[in-house]
Amino acid sequence: MWLAGASPAAAALGIFTVGLLLIYIELNRPGRVIPGALGLLLALLACARLWAAHPQPVALLLVATAGFLLAIDLVRGSHVAVSAAATLALVVGFRELVTPPVGWMACILCGVGLGGTTAVLTRVARRARANKASGKST
């Protein structure tokens, strides 16, 4: 596993990413309780570990900005550059979250995993909503 020799902060970022992806699975296929509950548990445990490491305010602002950009992309169809900027903000925010900084590889994997998955799922949901409104079936 890629977290075996990682720092505790990098492991917490990886666990946070896995937790959010499990929550995405629950949102995509509602009714399955296990992925959502396990994802919430993992995400909360990872947040507690990262909070204990005294996160940097600027990094928290970058991660919050990335979340805001991804939410805007969900609500309003925006250019792919918004998703790319959000993913970049996630990567840099994860890198500077704790002192000493987390390794670039862990930050890239977690940031691109979350940002890319969110962007793809947002576009799929928007397309499904448009198809439903027009009466098309896939």
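Bear in mind that the values in this text are calculations on the coordinates, not laboratory data. Everything numeric in this text was worked out from a predicted model, so none of it was measured. Every residue, glycine as well, gets a Cβ built from its backbone with ideal geometry; the counts of neighbours run over all protein chains shown.
Tell me which residues, restricted to the range 11-70, are among the polar types (S, T, N, Q) and either surrounded by fewer than 20 Cβ atoms within 10 Å (Cβ to Cβ) or over 15 Å from the mean Cα position of the chain (by Cα) (or both). Within the range 11-70, N28, Q56, T65 qualify. Within the set V124, V120, V82, V75, the sole residue that is more than 19 Å from P8 (Cβ to Cβ), in contact (Cβ under 8 Å) with a residue 12 or more places away in the chain and surrounded by fewer than 18 Cβ atoms within 10 Å (Cβ to Cβ) turns out to be V82.
Within the range 99-117, the residues that satisfy the criterion of being surrounded by 15 or more Cβ atoms within 10 Å (Cβ to Cβ) and not in a helix (DSSP H, G or I) are P101, V102, G103. Scanning the range 69-89 turns up no residue that is in contact with a Pro (Cβ under 9 Å, 6 or more places away or on another chain), assigned to a helix (DSSP H, G or I) and either of a type in the set (S, T, Y) or closer than 16 Å to L20 by Cβ (or both).
Return yes when G93 is more than 18 Å from I23 (Cβ to Cβ), buried (at least 16 other Cβ atoms within 10 Å of the Cβ) and of a type in the set (G, A, S) and no when it is not. It is true that G93 is more than 18 Å from I23 (Cβ to Cβ), buried (at least 16 other Cβ atoms within 10 Å of the Cβ) and of a type in the set (G, A, S).
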